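First comes the structure, then the notes that go with it.
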Amino acid sequence: MGKITAEALASYLCASGHLSTEQVPQLLRLWEARKSASEKGRPLHPIAFVVSLNLPDRANPENSLDDALIARVLAQKAGLQSARLDPLKLDIEFIHKTVSRPFAARYLMLPLTEKDGEIYMAVADPFDMEGVDLFRQTSPKPLRRVVAPYGDMVRIIHEFYGFRSALTNAEKAMNSGNDLGNLEQLVRLQTGTEIEASDRHVVNAVEYLLHHAYDLRASDIHLEPKRDHALARFRIDGVLHDIAQIPKVVYPAIVNRIKALSRMDIAEKRRPQDGRLKTDRDGKEVELRISSVPVAFGEKLVLRIFDPDMLVRDLASLGFRADELEVFEGFLQSPHGIILVTGPTGSGKTTTLYSALKILAQPGVNVISIEDPIEMVMPQLNQIAVNPKIGLTFGSALRTVLRQDPDIVMVGEIRDQETAENAVQAALTGHLVLSTLHTNDAPSAITRLQDLGMPPFLLASTIVGVIAQRLVRVICPRCKEDQVLGPEELRVIGWPEEKGTTLTAKRGAGCAHCRRTGYYGRTGIYEIMAVDETMRDMIDRKLDSNLLREHAVKNGMMTLREAALSKLARGVTTFEEIIRVTGI
C-alpha cells in the first residue's frame with residue numbers, strides 16, 4: 001500500500017466510529033476543492049487537511065478530530081504502536097546523526113532512540129514505505145516504527161533540525177580562524193560584535209530557542225555556562241528541565257545576541273544587568289525580562305517569559321474557591337485601605353495583583369503602579385519603574401504618586417520602613433493600596449509591618465485583608481488515575497482521623513501530553529485573612545500572630561495546609577506535590 005490518501009483516511013475514521021457515513025462524501029468534496037485550489041509545490045497532506053477542518057469526534061463529541069487521534073487510528077490499522085512525542089525526552093544529537101533534515105522533512109520520519117540494537121523511528125504515515133525502504137538500505141540496524149501525530153512531527157523536525165543546524169553552523173563559522181597550513185592565506189575574521197549581533201546562524205539559534213520555549217509553555221529560560229559547554233534549561237510548571245547543550249564557542253555569541261536584542265551592554269560582562277525584550281507569537285505580544293550575572297565559566301542568563309494570557313487572568317481561573325473569591329472581591333470593593341498578597345518568590349503574587357488590577361482599572365479610575373521592574377505593560381495603568389540609581393525607590397515614588405491624584409496604587413513590594421510609612425499614609429488619606437510582602441502566611445504580614453516600625457494602631461485602621469498563596473501543579477487530565485493513601489501518608493499530611501484512615505486521591509500516570517511528569521499547569525492555594533473589628537483590636541494591642549491566626553480560623557479562614565488538603569481531596573493535585581510545596 002502506498003501513501004495514505006484522503007479516501008483511505010476518511011474510510012478508516014468512519015470504520016473506527018469517529019466519522020459518520022454522511023460526513024465521508026462531504027469531507028472528500030472539500031478535499032478535492034482544497035487540493036485543486038492549493039498552490040503548486042508540496043502537496044497538502046490528507047492528515048493536515050482533516051485536522052484543519054476541526055471536525056467533532058463522533059465517538060466523543062466534546063473532542064475534535066486532531067492529529068493525535070488520527071495517529072492512533074492509523075497505528076491500529078497498520079498494526080503498530082502510536083506515541084506522542086515529548087520534545088524534552090528527545091535526543092537532539094541522536095536525531096541529527098541518524099537522519100538528515102531533508103530526509104526527515106520529506107518522509108516525515110524522526111528517529112527516537114536505539115534500544116536492543118533496534119532504531120525506533122516515529123512516522124506520521126505508516127503506509128508511506130518509501131522513506132522506510134531507503135533508510136533500511138543505508139542502515140545496518142533493524143528499524144521499528146511507531147506512529148506519531150502529524151503536527152508533532154512537522155513542528156519538532158522544524159525546531160530540532162533548525163536549532164541544531166544553527167548551532168553547528170555557528171560553531172563552524174567561529175572555529176574557522178587562520179589556517180596555519182597556509183600562512184599566506186588572508187582570512188577576514190568577523191569581529192565579536194558582528195558574530196554576536198548579526199550572524200545568521202546565531203540569530204536562527206536564538207529564534208528557535210524562543211519558539212521552542214513558547215511551545216512547551218516555559219515560564220523561564222536558563223542559559224548556564226559550564227566548563228566544556230553551556231546548558232539550556234526550561235522551567236515548566238515550576239520545575240526545570242534540561243533542553244539542549246550549546247557548544248562552548250557558540251555560547252558567548254548567543255548571550256550577546258540576546259543582550260543586544262534586550263538593549264543590554266554587550267561589552268559589560270563583569271556586572272549583573274537587566275533588560276527587556278518584546279516578541280510576537282502567533283499575532284500576540286509576549287514580553288521577556290532578561291537578567292545576566294557573571295558565574296564561574298561566563299555569563300548566566302535567565303529569560304522570564306510573560307505571556308499576557310497567563311499573567312493577566314480572570315480571578316476565578318486562578319484557583320480560588322467560591323467563598324474565597326467572594327471575600328477577595330469584597331477586599332477590592334473597599335474605598336481605601338491596604339490589601340497585601342504574601343508568599344515566596346514564584347508563588348504567583350504578581351499574577352494575582354495584575355488580575356485584580358484588571359478588575360479595578362475602570363475608565364473613571366486613576367490606577368498607578370510602582371514596580372521593580374515593570375512585569376508587563378498594561379495600557380489601563382500608569383506604570384512607574386523603580387530606579388534606585390537615580391533615587392527613585394518604592395518609598396520616594398509612592399510619596400510622589402500621592403500628588404498625582406491616584407484612586408488606586410499598586411506597590412510592587414513593601415521592603416523598607418519608608419515604603420511602609422508611605423503606603424499607610426496613602427491608605428489613611430483615602431486611597432486603596434495593593435502590595436506584596438515576603439512572609440510565609442497571612443498573619444505574619446502584620447508582624448512583618450510592625451518589625452518595619454509601623455505603629456499597631458495605624459495598621460489596625462488601614463489593613464483590609466491579607467492573602468497568602470502558593471502554586472501547586474495540577475494533575476494532567478489525560479492520564480489521571482486513582483491513588484489510595486494509607487494511614488501513614490495521611491498522618492504525614494495531618495489528615496483528620498475522623499475523616500477516615502484511607503483516602504482515594506488522584507495522581508498522573510504520565511503521558512506525552514504532560515511530558516511523563518503527571519502534571520499539566522498550575523493552580524493557586526490561598527489563605528485569606530479578613531480584618532474585622534475584633535482583629536483590629538488584636539492588632540492594636542500588638543497580639544502574637546498565632547492569636548491572629550486562631551481568630552481568623554474561627555471566622556472561617558482556611559490555612560494554606562487546609563487549602564492544599566482540599567485540592568488533594570478534590571483530585572486537583574497530588575500527595576507528593578502538597579508535600580513539596582507546603583513542606584507539611
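The values are calculated or read from the model by the stated rules, or taken from the named source; none is laboratory data. Small disclaimer: the values here were computed from a predicted structure and weren't measured. So basically every Cβ, Gly included, is an ideal-geometry build from the backbone, and we count neighbours across all protein chains shown.
For the range 351-372, indicate whether the set of residues that are part of a loop (DSSP other than H, G, I, E, B), farther than 21 Å from residue 405 by Cα and in contact (Cβ under 8 Å) with a residue 24 or more places away in the chain is non-empty. Spell out the reasoning first.
Just the residues of the range 351-372 that are part of a loop (DSSP other than H, G, I, E, B), to begin with: 361-366, 372.
Adding the requirement that they be farther than 21 Å from residue 405 by Cα leaves 372.
Next, only the ones that are in contact (Cβ under 8 Å) with a residue 24 or more places away in the chain stay: 372.
Taking every residue of the range 351-372 in turn, at least one turns out to be part of a loop (DSSP other than H, G, I, E, B), farther than 21 Å from residue 405 by Cα and in contact (Cβ under 8 Å) with a residue 24 or more places away in the chain.
Name, by its number, the condition in (1) without any contact (Cβ under 8 Å) to a residue 24 or more places away in the chain; (2) surrounded by 15 or more Cβ atoms within 10 Å (Cβ to Cβ) that does not hold for residue 240.
(2)
Whether any residue in the range 155-171 is closer than 26 Å to residue 209 by Cα, modelled with pLDDT of 85 or more and hydroxyl-bearing (Ser, Thr, Tyr) is what I want to check.
Initial filter on the range 155-171 (closer than 26 Å to residue 209 by Cα): 155-171.
Those left that are additionally modelled with pLDDT of 85 or more: none.
No, the conditions are met nowhere in the range 155-171.
Could you please find all residues in the range 22-51 being assigned to a loop (DSSP other than H, G, I, E, B), modelled with pLDDT of 75 or more and exposed (fewer than 14 other Cβ atoms within 10 Å of the Cβ)?
Taking the range 22-51 as the starting set, the residues that turn out to be assigned to a loop (DSSP other than H, G, I, E, B) are 22, 38-45.
Adding the requirement that they be modelled with pLDDT of 75 or more leaves 22, 44-45.
Within the range 22-51, just 22 meets the criteria.
Hey, any hits in the range 233-248 for a residue that's within 20 Å of residue 161 (Cβ to Cβ), of a type in the set (D, E, K, R) and at pLDDT below 75? Reasoning before the result, please.
Going residue by residue through the range 233-248, those that are within 20 Å of residue 161 (Cβ to Cβ) are 234, 242-247.
Filter once more, so that each one left must be of a type in the set (D, E, K, R): 242.
Next, from what is left, pick out any that are at pLDDT below 75: none.
Checked the range 233-248: no residue is within 20 Å of residue 161 (Cβ to Cβ), of a type in the set (D, E, K, R) and at pLDDT below 75.
Take the conditions assigned to a strand (DSSP E or B) and modelled with pLDDT of 95 or more and apply them to residue 474. Does it pass?
Working: assigned to a strand (DSSP E or B): yes; modelled with pLDDT of 95 or more: no.
Spelling it out, it is not the case that residue 474 is assigned to a strand (DSSP E or B) and modelled with pLDDT of 95 or more.
Pick out, from the range 60-145, the strands (runs of 3 or more DSSP E) lying fully within it that include 1 or more residues that are surrounded by fewer than 16 Cβ atoms within 10 Å (Cβ to Cβ) and at pLDDT below 85.
On the way: elements: 60-64, 109-115, 118-123.
Those strands (runs of 3 or more DSSP E) span 60-64.
For every residue, the table says whether it meets (1) outside the structural domain of residue 286 (by TED's automatic domain parsing); (2) in contact with a helix residue (DSSP H, G or I) (Cβ under 6 Å, 6 or more places away or on another chain); (3) crowded, with 23+ Cβ neighbours inside 10 Å.
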| position | (1), (2), (3) |
| --- | --- |
| 394 | yes, yes, yes |
| 404 | yes, no, no |
| 418 | yes, yes, no |
| 447 | yes, yes, no |
| 450 | yes, no, no |
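Would you confirm whether or not the range 387-399 contains a residue that is more than 23 Å from residue 329 (Cβ to Cβ), touching a strand residue (DSSP E or B) at 6+ places or on another chain (Cβ under 9 Å) and among the polar types (S, T, N, Q)?
yes
Failed condition for residue 14, given (1) touching an Asp or Glu at 6+ places or on another chain (Cβ under 7 Å); (2) part of a helix (DSSP H, G or I), with all others met?
(1)
In the range 514-584, which helices (runs of 4 or more DSSP H) lie fully inside it and hold 1 or more residues that are among the small types (Gly, Ala, Ser) and in contact (Cβ under 8 Å) with a residue 24 or more places away in the chain? Before you say what the answer is, go through the steps one by one.
On the way: elements: 533-540, 545-554, 560-569, 575-582.
So the answer is 545-554, 560-569.
How many of the residues making up the range 127-147 are in contact (Cβ under 8 Å) with a residue 60 or more places away in the chain and in contact with a helix residue (DSSP H, G or I) (Cβ under 6 Å, 6 or more places away or on another chain)?
The qualifying residues number 1.
Would you check if there is a residue in the range 494-504 being more than 30 Å from residue 67 (Cα to Cα) and assigned to a strand (DSSP E or B)? Explain how you work it out, then say what you get.
Start the filter on the range 494-504 by keeping residues that are more than 30 Å from residue 67 (Cα to Cα), which leaves 494-504.
If we keep only those that are assigned to a strand (DSSP E or B) as well, we get 503-504.
Yes, some residue in the range 494-504 is more than 30 Å from residue 67 (Cα to Cα) and assigned to a strand (DSSP E or B).
Does residue 525 satisfy being touching a strand residue (DSSP E or B) at 6+ places or on another chain (Cβ under 6 Å), closer than 19 Å to residue 441 by Cα and at pLDDT 90 or above?
Details: touching a strand residue (DSSP E or B) at 6+ places or on another chain (Cβ under 6 Å): yes; closer than 19 Å to residue 441 by Cα: yes; at pLDDT 90 or above: yes.
Criteria met by residue 525.
For the range 475-495, name all the residues that are without any contact (Cβ under 8 Å) to a residue 24 or more places away in the chain and within 16 Å of residue 567 (Cβ to Cβ). Explain how you work it out, then say what you get.
We begin by selecting, within the range 475-495, every residue without any contact (Cβ under 8 Å) to a residue 24 or more places away in the chain; these are 484, 486-488, 490-491.
Residue satisfying the conditions is 490 alone.
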